[in-house]
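One structure is given here, and the rest of the page talks about it.
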Amino acid sequence: MTTPPGKLYVVATPIGNLGDMTFRAVATLKEVGLIAAEDTRHVKMLLQHYGISNKLVSLHQHNEDKASQMLLDKLREGLSIALVSDAGTPLLSDPGMPLVKLVKDAGLDVVPIPGACALITALSAAGLPVSQFTFEGFAPRTSSARKAFFSESALSPVTWVIYESSHRILACLQDMAAVLPLDREIVIARELTKLHETIVKTTLANAVELVGNDENMRKGEFVVIVDGAVLEKTEQEVTPEQLKVLSILLKECPLKTAVALAVEITGGRKKLLYQAALDMQDAE
Ligand code: SAM
């Protein structure tokens, strides 16, 4: 009799408050044969807290491809494996995507064990529209790249979200203020679920001032949420010809590229074509 393959469990862990670990996450981490972790020392402390002892192997951005192949071999041998990152949900600005893809492509089971995620936690308390949103991950590191990136994001008609670190939060907001309208509403969600949790909803201008003037507002981990751009009523017309070009391009390239090319080909307005592209994707 051949041994059935093991399953890969993608397990979310807390983003600060240890009370946010789920019962199912604890049970899974106890039951699997092996835990693949971004930082094994960090995860050891987490496991100790929940009384879990299990074998650990490291899977981080520098060894992902090699480690993923080794883990797939182990799954094929029948071992079940849990994937965890340092905080929150793996793959969300964290390692794990190559492993999950490899395992799915091999036809084996990938089981999500949901839990904390800074992005969703921040959105749930932000008070900005969330029926549609764009997650942009970490903003670029250099000021010029950030400004270019924000100029593009500024046109998004839906809420957009970035992750940011304490080192760059002020520079990031200043660059945002250089290219976005200063009255745009933004939410700064800092140290979520932790002792100094702060969630401020204000204008971009006030946010720069607040973070610039208060040293504590530059400490910890950040999610920044920006309201979408409001489209003028008089501009809300996309011609059938533009829609046709856009729909052809959307079949061949990612949304941003398709919109950029459609603007170039048809001379249409970028934010209108962007919204039309989002509508088309939703309608699929
Ligand atoms: N996978 C994680 C998740 O599910 O949210 C995120 C990992 S990413 C490497 C780390 C970034 O997420 C931080 O730099 C910060 O931007 C954001 N983050 C994580 N924990 C946070 C918290 N407690 N409060 C605010 N932002 C947090």
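The values are calculated or read from the model by the stated rules, or taken from the named source; none is laboratory data. Computed from a prediction, not measured in an experiment: that's the story for all the values here. Every residue, glycine among them, receives a Cβ derived from its backbone with ideal geometry; neighbour counts consider all protein chains shown. The accessibility values were calculated without ligands, DNA or RNA, using every heavy atom of the protein model including side chains. Shrake-Rupley method; radii C 1.70, N 1.55, O 1.52, S 1.80 Å.
Could you compute Rg(Cα) / (2.2 N^0.38 Å) for the chain, with N its residue count?
1.15
For Gln69 and His49, calculate 0.36 nm times their separation in residues minus their Cα-Cα distance, and state this gained length in nm to one decimal.
4.2 nm
Percent of accessible area on the chain owned by carbon and sulfur, 1.4 Å probe? It would help to have the intermediate numbers written out before the result.
Values: 7900 of 14800 Å².
Reported share for carbon and sulfur atoms: 53 percent.
With a ≥ b ≥ c the root eigenvalues of the C-alpha gyration tensor of segment 240-283, is it rounded (a/c under 1.5), prolate (a/b larger than b/c) or oblate?
Details: a/c = 1.36, a/b = 1.22, b/c = 1.12.
Here segment 240-283 falls in the rounded category.
For segment 240-283, calculate the relative contact order in percent as a whole number, restricting contacts to Cα pairs under 8 Å that are 6 or more residues apart.
After rounding, I find 41 percent.
Let me have the relative contact order for segment 18-79, percent, based on Cα pairs under 8 Å that are six or more residues apart.
After rounding, I find 34 percent.
Just check segment 149-197 against the gyration tensor rule for me: Cα atoms, a ≥ b ≥ c as the square roots of the eigenvalues, rounded for a/c under 1.5, and otherwise prolate or oblate depending on whether a/b exceeds b/c.
Because a/c hits 1.5 or more and a/b exceeds b/c, segment 149-197 counts as prolate.
Please give every one of the lysines within straight-line cross-link reach of Lys244, meaning a C-alpha to C-alpha distance under 19 Å, and leave out same-chain neighbours fewer than 8 residues apart.
Output for Lys244: Lys256, Lys270, Lys271.
Sort all Cα-Cα distances of segment 203-284 into consecutive 10 angstrom bins from zero, then give the percent of pairs in each bin up to the one containing the longest distance.
15, 36, 18, 20, 11, 0
Hey, which aspartates and glutamates would be in cross-link range of Lys55, C-alpha to C-alpha under 17 Å, not counting anything within fewer than 8 residues on its own chain?
Glu31, Glu38, Asp39, Asp73, Glu77, Asp86
Compute a Gaussian network model of the chain, connecting alpha carbons closer than 10 Å, and tell me which residue from Leu204, Leu102, Leu155 fluctuates the most.
Result for the chain, Cα springs under 10 Å: Leu102 fluctuates most.
How large is the dipole of the chain about the Cα centre if only Lys and Arg carry +1 and Asp and Glu carry -1, each at its Cβ, rounded to the nearest 20 debye?
600 debye
Counting pairs of alpha carbon atoms under 8 Å apart in space and at least six apart in sequence, what relative contact order in percent does the chain give?
With pairs under 8 Å counted, the relative contact order is 17 percent.
Taking the solvent-accessible surface of protein heavy atoms with a 1.4 Å probe, what is the per residue accessible area of the chain in Å²?
52 Å²
Around Ile15, under 13 Å between beta carbons, what's the net of Lys plus Arg minus Asp minus Glu among the other residues?
-4
Just from its helices, what would the mean residue ellipticity at 222 nm be for the chain, if runs of 4 or more DSSP H residues each count -39500 (n - 2.57) and the sum is divided by every residue, rounded to the nearest 500 deg cm²/dmol? Intermediate results must be reported in sequence, preceding the final value.
Numbers: 11 runs with 119 residues, N = 284.
The helix contribution divided over the chain gives -12500 deg cm²/dmol.
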